[in-house]
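To start, the structure under review is shown below, and the notes come after it.
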Amino acid sequence: MAEGTPAASLSAKSPFELRVQLGDGVPEQTVRDALASGDMGFVHSFTTGSAVDGPGVRVVAWTTGCMWRCRYCHNPDTWKLTNGMPVSVTRAAEELGKYRQGLEIMEGGFTLSGGEPLMQHRFAAKLLAAAKGLGIHTTLETNGYYGDRLSDAEIETIDLVMLGIKTWDPARHEALTGVDVAPTLAFARRLAALRRPIWIRFVLVPGLTDDMADLAKTAEFAAGLGNVERVEVLPFHQMGRFKWERLGLDYTLGDVEAPSAEAVEQACAVLRRAGLQAV
Ligand code: SF4
């Protein structure tokens, strides 16, 4: 089975590295078999030492493949599955094993992010289970759309889900991402029923997600779940813009500035008023 390319390393300095076509040349049937079995997955890169992708210090695997088209996505090179490098679960777990002790000392763990990791849900489930088997704390960062692809037993191997919620309003969600918000909310409710902790990630984009009445509804929903430990308000930035341009994609947010510190604080205040811990 094809794995890796001589030209590309599994590690990247950051997910902002543009990576494309690493899986080109992998036969279509091999891709289909990989998706079905999960023994192999497509990964943009591994990064180490992240302090912003879950508790403590994290090793992060950024998978490729995403069915959403968020207008503010900063990693559109992860949309296409075969832009990623084919990596077996065994090799990925070996890579993680190297960091096991260090992660334990730094009270960190492994985060599977993307792209959307559940586009490759068999691979995601196997890799998270392998990490858990190594005694490593596991986090899944997801938009939740394909949460129903995971069994309850698979969800048990995930210590924390970082769930991206963009907006409460269905029409606005569709305009922003191209898809329905309902599956994401259903996954959040299911995690609550299973008593699995959630950190919500909310990107504050001036003019797109900064309607405080809309955010108050998201906050009310999140607070009502009972398993949301914190909400991270992430200020929009332009660091992914060059990828849109290099990939020839139509970037519509060129004129949007990062939100002010006051705007971020205002969003946090709305979330706190609902009883949530917002940072
Ligand atoms: S869900 Fe994430 S990876 Fe997918 S388009 Fe949106 S921001 Fe990008």
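The values are calculated or read from the model by the stated rules, or taken from the named source; none is laboratory data. Only a predicted model underlies this, so the values are computations on that prediction, with no experimental measurement involved. Quick reminder, even Gly has a Cβ in these numbers, built from the backbone with ideal geometry, and neighbours come from all protein chains shown.
Please enumerate the residues belonging to region 221-239 that are touching a residue at least 40 places away in the same chain (Cβ under 8 Å), exposed (fewer than 15 other Cβ atoms within 10 Å of the Cβ) and not in a loop (DSSP other than H, G, I, E, B). Write out each step before concluding.
Here is the first cut: in region 221-239, the ones touching a residue at least 40 places away in the same chain (Cβ under 8 Å) are 221-223, 228-233, 236-237, 239.
Then drop every residue that is not exposed (fewer than 15 other Cβ atoms within 10 Å of the Cβ), which leaves 229, 239.
E229, the sole residue that qualifies.
Which of the residues belonging to region 253-279 are in contact with a helix residue (DSSP H, G or I) (Cβ under 7 Å, 6 or more places away or on another chain) and crowded, with 18+ Cβ neighbours inside 10 Å? Result: A267, V270, L271, A274, L276, A278. Restricting attention to region 149-178, the residues being within 13 Å of the ligand (Cβ to nearest atom) and crowded, with 17+ Cβ neighbours inside 10 Å number 9. Here K243 fulfils each of the conditions (1) in a helix (DSSP H, G or I); (2) in contact with a strand residue (DSSP E or B) (Cβ under 6 Å, 6 or more places away or on another chain); (3) of a type in the set (K, R) apart from (2).
Yes/no matrix, rows are residues, columns are (1) surrounded by fewer than 20 Cβ atoms within 10 Å (Cβ to Cβ); (2) at pLDDT below 85:
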| site | (1), (2) |
| --- | --- |
| V20 | yes, yes |
| G23 | no, yes |
| V26 | no, no |
| Q29 | yes, no |
| A36 | yes, no |
| M40 | no, no |
| F46 | no, no |
| G49 | yes, no |
| G54 | no, no |
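Filtered by the rule that a residue be in a loop (DSSP other than H, G, I, E, B), in contact (Cβ under 8 Å) with a residue 40 or more places away in the chain and more than 12 Å from the ligand (Cβ to nearest atom), region 51-83 gives D53, G54, P55, G56, V57.
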